[in-house]
């Protein structure tokens, strides 16, 4: 299962060590990410549900703070601003990369969730962390998975620097309709999609996590 991150302890999480699908300091695509606290194995991230109060994983957002705005372009060249959705929708920012197999494994589940919940005010923003060497393949991969939610480009890492400074992949940031970050998850293992779905269903119905 994904490592659940306590928003009140995200700063402590930055200092922890562990593994991930890639990130700063990795020797290449898919290399270990030293920012995850519980290196218990799993697919592309940590394993074991440590509970919402465990300071595990990696994120760059402080407890309960409003999400920081950003502006970028999607794979179709359209300008996308987070502020277009903040305070209006439940938002899932999904950080991924073309070299990350767990990221690709999660895509069908994110698409299914988006299809089921978009009419209730839910959107997925898939942020590609690919650099100059691989960014050209991002549109092709998005098309191959028939992704209908926005797939965004972050070639200069400006978005990752705010939310995912160690570039863990996959890493998701869940933002409620008030614009506050309420959940951060790192990694993906089969079955984790149910946890994400449960959170999203609560948020779109007006419940708190």
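Tabulated values for the structure
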read-out: Failed condition for residue 167, given (1) surrounded by fewer than 16 Cβ atoms within 10 Å (Cβ to Cβ); (2) in contact with a helix residue (DSSP H, G or I) (Cβ under 6 Å, 6 or more places away or on another chain); value: (1)
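Residue-wise test of (1) modelled with pLDDT under 95; (2) closer than 18 Å to residue 69 by Cβ; (3) more than 14 Å from the chain's Cα centre (by Cα).
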{"site": "106", "(1), (2), (3)": "no, no, no"}
{"site": "134", "(1), (2), (3)": "no, no, yes"}
{"site": "142", "(1), (2), (3)": "no, no, yes"}
{"site": "152", "(1), (2), (3)": "no, yes, no"}
{"site": "209", "(1), (2), (3)": "yes, no, yes"}
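The values are calculated or read from the model by the stated rules, or taken from the named source; none is laboratory data. No experiment lies behind these values; they were computed from the predicted model shown. No Cβ is skipped: glycine too gets one built from the backbone with ideal geometry, and neighbour counts run over all protein chains shown.
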